[in-house]
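A.B. asks: Take a look at this one; I'll ask things after.
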Amino acid sequence: MRAWVVEEPAPIASGPLRRADREVPAPGPGELLVRVLACGVCRTDLHVAEGDLPVHLPGVTPGHEIVGEVAEAGPGCLHRPGDRVGVAWLRGTCGACRFCRRGAENLCPASVYTGWDAHGGYAEYATAVDAYAYALPAELDDVRAAPLLCAGIIGYRALRRAELPPGGRLGIWGFGGSAHLAAQIALAEGAEVHVFTRSPAARELARELGASWAGDSFEAAPAPLDAAILFAPAGELVPAVLERLDRGGTCAVAGIHLSDIPVLDYQRHLFQERQLRSVTANTRADGEEFLTLAARLDVAVTTHAYGLDEADRALADLAGDRFAGAAVLVP
Ligand SMILES: [Zn+2]
Ligand SMILES: [Zn+2]
């Protein structure tokens, strides 16, 4: 089968993704073999390709927003051949540690991830753990469902972690695949959304989706914010975000990777009970909640389709902010 692999992580300009011809994998007990129908391109794939994340599996195939059809089910699976499933970043957890037992499986120290610890969806086939594969609402077609599986779910968790009060004012920094989905949930729940991004195309998309204000990353906010989500992986934005929060406001950092945060000034940035917190992966409950909500609210997913053979270009375009919304590979 056709697949892309990261042989040696390197800056995207030097082409760390290589084409490979791999055997179609065989599903083990509790595993599914999934024929990839669509796979979203996520910023985390860029971090895997460029080495911002340490290598967990040499020669890994990235991709963790997989919409696929079950081609084969190993022993003990609930999904059956022919089922359409979503395969996301969280591939598996131990199920026994104190985090798993208290409903925080996203913090499981033994968790493993699709497209990092195991081969992902930049390929014609991938395996998935049956218990971690999502059933997908029929309203969501393949291409539209793909970005929901990471961008959507993580954005949703980030929104919950930002603890936006009802009817509150939410600031969003960076407006790519994840942000444009979280913004729609926030708007549907009655929030006022302000978007800060260096990309003029993304500012336009933000206004189209209903943001009441969109400006550049360091622009002054029209009014103090009750909550903020930092989607841009840029630590230098953290002081700017915190300064724009009202008393008691929370900033959730959505990314798995962030460049260094400059020195903070306690009075200017944190006093008055402002909070800075991270978002780490998601639980299956987050995923199920979000997918149901996304189908019910009929969220608009702005996608740019690329052929499977164009994965390297899709990732380079993501790095260069050359499209608004989310890129999706279609084999
Ligand atoms: Zn665990
Ligand atoms: Zn992702």
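The values are calculated or read from the model by the stated rules, or taken from the named source; none is laboratory data. Remember, predicted model here, so these are calculated numbers, not experimental data. Backbone-built Cβ (ideal geometry, glycine too); neighbour counts: all protein chains shown.
A.B. asks: Kindly indicate which of Ala285, Ala281, Ala324 is farther than 19 Å from Gly120 by Cβ, within 16 Å of ligand 1 (Cβ to nearest atom) and either of a type in the set (Ser, Thr, Tyr) or outside any strand (DSSP E or B) (or both).
C.D. replies: Ala285
A.B. asks: Another question about this same structure. Please state which of the following conditions Val301 fails to meet, knowing it meets all the rest: (1) more than 23 Å from Ala186 (Cβ to Cβ); (2) at pLDDT below 95; (3) buried (at least 21 other Cβ atoms within 10 Å of the Cβ).
C.D. replies: (1)
A.B. asks: Specify which of the listed residues (Cys42, Cys100, Cys108, Cys77) is under 16 Å from Ala327 (Cα atoms) and either surrounded by 14 or more Cβ atoms within 10 Å (Cβ to Cβ) or within 16 Å of ligand 2 (Cβ to nearest atom) (or both).
C.D. replies: When all the criteria are applied, what remains is Cys42.
A.B. asks: Could you say which residue among Pro62, Pro109, Pro54 is farther than 20 Å from Trp4 by Cα and not in a helix (DSSP H, G or I)?
C.D. replies: None of the other options fit; the residue is Pro109.
A.B. asks: So which of Glu139, Glu163, Glu124 is more than 15 Å from ligand 2 (Cβ to nearest atom), surrounded by fewer than 24 Cβ atoms within 10 Å (Cβ to Cβ) and at pLDDT below 95?
C.D. replies: Glu139
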